[in-house]
Amino acid sequence: MAGMSGGQFFQPSIDDLIPLPEGSELFVLPGRLPVGCDPESGEPLLLEEDPYQAGAAVQAVAAFMSPAYTAIFNSAYQTRDRHAPRLPLFAYTSVGWHQGRFWVTAFRSDPDKRQDSCQFDQKEIIQKTGTKLNKYSNNRLVQHLGKCCLTYGCPAARNYFLGRWEAPLPTSPICNARCVGCISLQPAGSCSATQDRIRFVPTAEEIAEVAIAHLQTAEHAIVSFGQGCEGEPLLQAQVIEEAILLIRRKTERGTINLNSNASLPLAVERLVRAGLNSLRVSLNSAQESLHSRYYRPVGFTLADAKESIRIMKEADRFVSLNYFIQPGVTDSREEFEALTALVEKYRPDLIQLRNLNMDPEWYLQTLDFHSTESPMGMRTWLRILQKRFPTLRLGYFNPFLS
């Protein structure tokens, strides 16, 4: 078995492997041949035909892991067909078969089970979603979340209808970034977006109606602006500000969170004054050049995101980095030094280790990434980061702030 990191092939160690998490999916990768390792030398070997059936074609495979797991290596493959389609917007983890089960190169990055597949009973979801959709038939946001739940199986939307944990509050149909790997809007000729973007801006009253009931009753209640089915929520700062004020007039319970590209520091400051508890800042990279190549921002830079972090920390609010993990890029020496410099200066409370949902080759091309040395390795990266910043939390989910 081999893994890929930054376009290079490596042989995983035993410590890199865990059983395929329940609820994960397996993908075939069309037009791509699998790469393995020579069992004696450890050198990478391209597999061009089925070793058990001479002349039979083979394709590379990958695992799309359940939430709360972070990849150590991407699937090892070589694209041989020049007409091979671009891979859709998922993460592609190296997977193998041994002793009657699948294994992946990964680790569990968060013990929280809020999105584990065993937590969801589809019959209960359908029943409770139908009840709530009928109850809030005039609330467009609830109706939108119903589609997220029943059509796309969004774990956050499911948990909202089940009345627990973190509930989503999408608000913005527009964005000030043109992320290459945007999961809600892709240009014609690219791969498909994985979900439909919200088409309206809910009113403050619609938002508050969803949030207040959830915060008042749910265990470890969180409501989060900024979801995969929308653009940038800070562009709707006025309506979000009004909604937060309405929410806090009714309840002080629970956590109000914003997931964002953090591009508008003045808007963040407004929301802090209104009562925002936590901010999750999405970053593919702590390097300006790589950040701009992926986000293709309109009217902002990485410096604006850093200023938003500063504003939150100055107000004694909680800050997470939604740090997109791409083996070979994340654990390159240059990226590690840039990340540690950011953490040292701005002191975020938590880094969420989220796998980047994007064709690995496309991502490297987008960044024009050419490493001159081998990556640190994700487990080494993790160990050194924890040693350098012992109070920095590492995880996957937005935390409930008691």
key: Cβ-isolated cysteines (cut-off 4.7 Å), the chain   = 37, 118, 149, 175, 191, 229
remark   = Of 265, 111, 390, the most mobile residue in a GNM of the chain (C-alpha springs, cutoff 10 Å) is 390
message = Could you work out how much longer the chain between residue 8 and residue 131 gets when fully extended? Use 0.36 nm per residue separation minus the Cα distance between them, nm to one decimal.
response = 39.2 nm
inquiry  = Charges at C-beta only: +1 for Lys and Arg, -1 for Asp and Glu. How large is the resulting dipole of the stretch 121-395 about its Cα centre, in Debye rounded to 20?
reply    = 660
ask   = At a Förster distance of 56 Å, what's the computed FRET efficiency of residue 49 paired with residue 174, Cβ-Cβ distance as r, to 0.05?
value = 0.70
task = Out of all DSSP beta bridges with both ends in the chain, state the antiparallel percent to the nearest 5.
result = 50
ask   = What does the highest-first list of 231-243, 370-382, 47-59, 172-184 look like by mean Cβ count within 10 Å?
value = 231-243, 172-184, 370-382, 47-59
note = For residue 370, the net charge from surrounding residues (Cβ-Cβ under 14 Å; K, R +1; D, E -1) works out to -3
query = Between 160, 95, 20, whose Cα lies farthest towards the positive end of the dipole of the chain when Lys and Arg beta carbons carry +1 and Asp and Glu beta carbons carry -1, centred on the Cα centre?
reply = 160
message = So if I restrict to the alpha-carbon atoms in the stretch 193-329, what is the Rg, and what is Dmax, the biggest pairwise distance, in Å?
response = 15.3, 47
query = So who's got an amide H within less than 5 Å of the one on residue 95, skipping anything under 5 residues away but keeping other chains? H placed 1.01 Å off N, in plane.
reply = 63, 76
message = Given points 7 Å out from each Cα along the Cα-Cβ axis, report the residue 238 to residue 314 separation in nanometres with one decimal.
response = 2.5
Gyration tensor (Cα) of the stretch 3-108, equivalent ellipsoid semi-axes in angstrom = 21, 17, 13
key: Value of Rg to Rh for the chain (Rh from inverse mean 1/r over Cα pairs, i.e. Kirkwood)   = 0.97
ask   = Tally Lys and Arg at +1 and Asp and Glu at -1 over the other residues with C-beta under 15 Å from the C-beta of residue 81: what net charge comes out?
value = 0
key: ³J(HN,Hα), Karplus 6.51/-1.76/1.60, whole Hz, each residue of the stretch 107-115, x for Gly, Pro   = 9, 7, 9, 8, x, 4, 9, 4, 10
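Every number in this text was worked out from the coordinates using simple rules, so none of it is lab data. All values reported here derive from a predicted model rather than from experimental measurement. Note: ideal-geometry Cβ built from the backbone for every residue, glycine included; neighbour counts use all protein chains shown.
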